[in-house]
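Take a look at the structure set out below.
The values are calculated or read from the model by the stated rules, or taken from the named source; none is laboratory data. Computed from a prediction, not measured in an experiment: that's the story for all the values here. Here the Cβ is made from the backbone with ideal geometry for all residues, glycine too, and neighbour counts use every protein chain on show.
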Amino acid sequence: QLQLVESGGGLVQPGGSLILTCEVSGFEMDYYAIAWFRQAPGKGTEGVSCIRVSGDGIYYLDSVKGRFTISRDNAKNTVYLQMTSLKPEDTAVYSCAADSRCRAEPIGYDYWGQGTQVTVSS
């Protein structure tokens, strides 16, 4: 079955940057839209961004617009989330998920990675 593995998280200072990577295996990635979600301790899951099979972004969380950029390389079975101007409130576990089309809500996504921790602190 489809498998997803996230990497690239870590500790950064406010204003810093990170690039998260989601590697997909099991099926050809161009069958699926890929989304990034995040969850901070004690809080609900937020849909951060989603990219369609065509490669066009379809959704960004309002609080990350202008700072985060999603992209995909189907030949490499990889999706990226470029994060800049990071803020302490961006601290969360970031996970990628796959579905036949983009959705802003986690319901409907059958395939998830384990997540990668992003901590923004001085």
Checklist outcome for this item: For residue 28, the lone unmet condition from (1) over 17 Å from the mean Cα position of the chain (by Cα); (2) among the acidic types (Asp, Glu); (3) farther than 12 Å from residue 78 by Cα is (3)
Checklist entry - With respect to residue 15, is the statement that it is free of Cβ contacts under 8 Å to residues at least 12 places away in the same chain and exposed (fewer than 13 other Cβ atoms within 10 Å of the Cβ) true? => result no
Checklist entry - Restricting the first residue to the stretch 19-34 and requiring it to be at positive phi, which pairs with a second residue that is modelled with pLDDT under 95 and not in a helix (DSSP H, G or I) meet a Cβ separation below 6 Å and a spacing of at least six or different chains? => result 26/1; 26/2; 26/3
